[in-house]
Each structure stands twice: as C-alpha cells, then as structure tokens.
Amino acid sequence: SHIIDVIECKTFEDLLATTQPLEEYLANAGCLRPLRRLEDKNLLVDDILMFQVLHRVRGPFERFRDGLRTLGVLDKIKGHPESFRPLLCWSPTMLTADLVDSLFTINLSPVGSNRRHAEEVGTQKLGTILAFATGANTVPPIGFFPQPSIEFLHQEQDTATPSKLPIANTCINCLKLPLHTSYRAFQENMDFALGNTHGFGMVKFLIVSHY
C-alpha cells in the first residue's frame, strides 16, 4: 500500500504529505532519500521495491540456502533443477472434478431424517448411472474391464439433429453424454433416460420413442 500511495501522488506537495508519515518505515528500510521534485517518487518506489523484494528477505533466504547445503541438498538442486521444481516452485494446476471434490467436505443431516433422504437423492442415482453405462449397479470385485469411459455426442454432418439423450455401450462400458446449452435440459434428459431404461435392449427403443 505504501508503494501505491507514492505512485498515485499527482503533485510534489502530495508526495511530501504522503511520505512524511512513512519516515520511520523508510528509514528502517534504508529508503529515506531527499525529495526535491515530483519525479523523485519513481526513485523512491524503486528503493521500496528493492527492500521489499530483496533486502527484507535476504537474511532468511541465506539461512535457507545454508540449510540446503546440509547433506549436499543444495548441490543436488543445482544439478537437477527440473526435478526439484515441483517441490520448491508453485505452478497453476488444472482443476478437475476429483480435485474439486477433494476440496469440499459434505455435511449431511442426521441419518434417517427426511432432510438426509432428500440430500442423498443424488447419490442414489449413481448406481443407476453406473448400470446405464456398464450394466452393473455396483463395482464388481475385480473391477471393470475395459475401464468405464465417457464420450460426448456432437452433431454429425449427416445427422439432422444431435441426440438429446445419453447413449451407452455396455460392451465397452462407455457412456456418451449429449451436449446441452443449459444444465436443466441436461438433467431432464438424463433423468428421462435413467428412469425409462431398465435393460440392455431398451436404449435404442428409448431414443426412438422420445423423438
């Protein structure tokens, strides 16, 4: 905030009024310099940045460096910087459904209550979705082979209208999802498909009858 206050000064008088309450901070930071004109604010900002970014953290950084020298860790970092980069440097991570799911804790109502029943309606559909895609409403002891997968239904050039309903290929455990412009339309079509498909032979009939 000190830097922003100095940068936003429009006149030399504003600069003096802004820096006067900061004299103790500037003195401790080694940034106290005589100001003779408005343009001197740029030099002052450079001094403050140098203190905040380098000088203020130099001591802790040097102690950290000395600690890394223990057992030759610093030499290993210098010799293999890319291997240590994920451990020492932050990098943006692409959000995934699993990552977002791990960030939240679900707080459900007491077991047996009406609220709990309403809250678990979504989880009760998971078995139905799994059965729709694979033919099994629970995970088999040996798992699935092939691994269940999801694809998306796009409008083909030789098709007049894209499918509004999901399609499953249980032979390869593949669930093909339609693309909708709203979540409500997607949910309604998913609920219709899951509620009216009760076997392997029903998928094609369901799609034809829906249209």
Query raised in the report: Hey, with R₀ at 30 Å, roughly what FRET efficiency would Asp66 and Glu24 work out to, going by the Cβ-Cβ distance, to 0.05?
Result: 0.45
Report summary line: Ordered by number, the trypsin sites (Lys or Arg not before Pro) in the range 34-86 that occupy a DSSP loop and have at most 10 other Cβ atoms within 10 Å are Arg36, Arg37, Arg69
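Under 15 Å from the Cβ of Leu15, count the other residues' Cβ atoms, weight Lys and Arg +1, Asp and Glu -1, and hand me the total. Write down the numbers at each step before the final one.
Details: positive: Lys10, Arg33, Arg36, Arg37, Lys41; negative: Asp5, Glu8, Glu13, Asp14, Glu23, Glu39, Asp40, Asp46, Asp47.
That sum, taken over residues with Cβ under 15 Å, equals -4.
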Query raised in the report: Of (i) -0.82; (ii) -0.58; (iii) -0.69, which is the value of log10 I(q)/I(0) by the Debye sum over Cα atoms at q = 0.12 Å⁻¹ derived from the coordinates here?
Result: (i)
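Figure the gain on full extension for Phe104 and Leu32 (residue separation times 0.36 nm, minus the Cα-Cα span) and round it to one decimal in nm. Don't skip to the answer; put the middle values down first.
Details: separation 72, 0.36 × 72 = 25.92 nm, distance 4.81 nm.
This chain segment gains 21.1 nm when fully extended.
So for Glu62, Glu82, fewest C-beta neighbours within 10 Å to most, what's the order?
Ranked by crowding around the Cβ, least crowded first: Glu82, Glu62.
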Query - Charge dipole (debye, nearest 20) of the chain; +1 at Cβ of Lys and Arg, -1 at Cβ of Asp and Glu - result: 540 debye
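Tell me the mean residue ellipticity at 222 nm calculated for the chain from its helices only (DSSP H runs of n ≥ 4, each -39500 (n - 2.57), averaged over every residue, nearest 500). Show your work: numbers first, answer last.
On the way: 12 runs with 109 residues, N = 211.
Estimated from H runs of four or more residues: -14500 deg cm²/dmol.
Which whole-number percentage describes the relative contact order of the chain, with Cα contacts under 8 Å and a sequence gap of 6 or more?
On the way: 153 pairs, mean separation 22.0, N = 211.
10 percent.
What helices does the chain have that are whole DSSP H segments, at least 18 Å long along their own axis by Cα, and with mean Kyte-Doolittle hydropathy of -1.0 or more?
Values: long enough: 56-68 (20 Å, -1.06); 121-134 (21 Å, 0.89); 183-196 (20 Å, -0.63).
Span-like helices in the chain: 121-134, 183-196.
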Query - Among Phe84, Leu153, Val111 - extreme Cα towards positive end, dipole of the range 29-155, charges at beta-carbon - result: Phe84
Report summary line: Computed over the range 2-88, the relative contact order (Cα-Cα under 8 Å, seq sep at least six) in percent reads 23 percent
Requested in this report: Mind checking which of Leu194, Leu22, Ile7 is farthest towards the positive end of the chain's charge dipole, using Cβ charges of +1 (Lys, Arg) and -1 (Asp, Glu) about the Cα centre?
Outcome: Leu194
Report summary line: Straight-line reach check, Lys125, cutoff 24 Å on alpha carbons, 8 or more apart in-chain or any other chain, hits among lysines -> Lys164, Lys176, Lys204
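Any read-out appearing in this document is the output of simple, stated calculations on the displayed coordinates, not a laboratory observation. Keep in mind it's a predicted model, so treat the numbers as computed, not measured. Glycine also receives a Cβ, built like all others from the backbone with ideal geometry; neighbour counts cover every protein chain displayed.
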